[in-house]
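Reading through the structure tokens given below for one structure.
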Amino acid sequence: MKNKVLKTIIIIVIIAVIIGILMIVKNKKAKTIQYEPQEEISEEQERKTIISLYFLNKKTREVTPEARMIDVKDLINEPYNVLINFLIEGPKNENLEKTMPEGTKLLGATLEGDTLNLNFSREFLNREGKEAEEKTIESIVNTLTELTEVNSIKILIEGEENKKFKDGEVSFEKIFIREE
């Protein structure tokens, strides 16, 4: 009887050792298995971002954002030029209208502290009426202050400060900030 109990104990110990070894081997294999995503993220998805451009709403006459999906690479080197050129081109939404005067070109953009200096061609001055002029400035300020590094805008015309729109209603002497 002692032999039977001893054999049973030995068999149980051997089974426990085999189970232990199998578990160790299984854990080592589990650690070497790498996670594979079900769906790869395409480069196209990684490069897109949404920007807000501000244009004039035809019905309300208020400056309103238009969301656009663009390639991030377009913003990396010259973000200010890209955004201003989108404003110059105008909105995609037919309920909005552009605020930038026809023929306007951005000659340069430099960031000094948190103030962005925008140097426009003389055509920028071809806006008339205080409301139209103010909406142009609001469109520029709201669009560019969406960028975290920009808090205010200074406008130059062909490198010169202290210019005004044609009718003299709005002057560029001051630095423009976003008004909420």
(request) Determine which residues of segment 115-136 fall in the zone a paramagnetic label at E160 would reach in this model, i.e. backbone nitrogen under 18 Å from the point 7 Å along Cα→Cβ. (result) 118-127
(request) Would you mind working out the magnitude of the charge dipole of segment 86-141 relative to its Cα centre, with +1 at each Lys and Arg C-beta and -1 at each Asp and Glu C-beta, to the nearest 20 Debye? (result) 160
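Taking K and R as +1 and D and E as -1, what net charge do the other residues with C-beta under 11 Å from the C-beta of E128 add up to?
-1
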(request) Note down the magnitude of the dipole of segment 70-109 about its Cα centre, charges +1 on Lys and Arg C-beta and -1 on Asp and Glu C-beta and zero elsewhere, to the nearest 20 debye. (result) 80
(request) Name the residues whose placed amide hydrogens come within less than 5 Å of the amide hydrogen of V170, ignoring near sequence neighbours (fewer than 5 apart) on the same chain. (result) F165
(message) What's the magnitude of the charge dipole for segment 48-180 around its Cα centre, counting Lys and Arg as +1 and Asp and Glu as -1 at the beta-carbon? Answer in Debye, nearest 20.
(response) 280
(request) Evaluate the Debye formula for the chain with equal point scatterers sitting on the alpha carbons, no solvent, and hand back log10 of I(q)/I(0) at q = 0.19 Å⁻¹, in q order, two decimals. (result) -1.26
(request) If a/c stays under 1.5 just call it rounded; otherwise compare a/b with b/c (prolate if a/b is bigger, oblate if not). Do that for segment 74-180, with a ≥ b ≥ c from the square roots of the Cα gyration tensor eigenvalues. (result) rounded
(message) At 7 Å along Cα-to-Cβ for each site, give me the label-to-label distance between N81 and D114 in nm.
(response) 2.7
(request) Select from F55, I175, I10 the residue farthest towards the positive end of the dipole of the chain; place +1 on Cβ of Lys and Arg, -1 on Cβ of Asp and Glu, and compute about the Cα centre. (result) I10
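Taken together, the values in this text are just the output of simple stated rules run on the coordinates, not laboratory data. In this text, all values refer to a predicted model and were calculated from it rather than measured experimentally. Neighbour counts run over all protein chains shown; Cβ positions are idealised from the backbone, glycine included.
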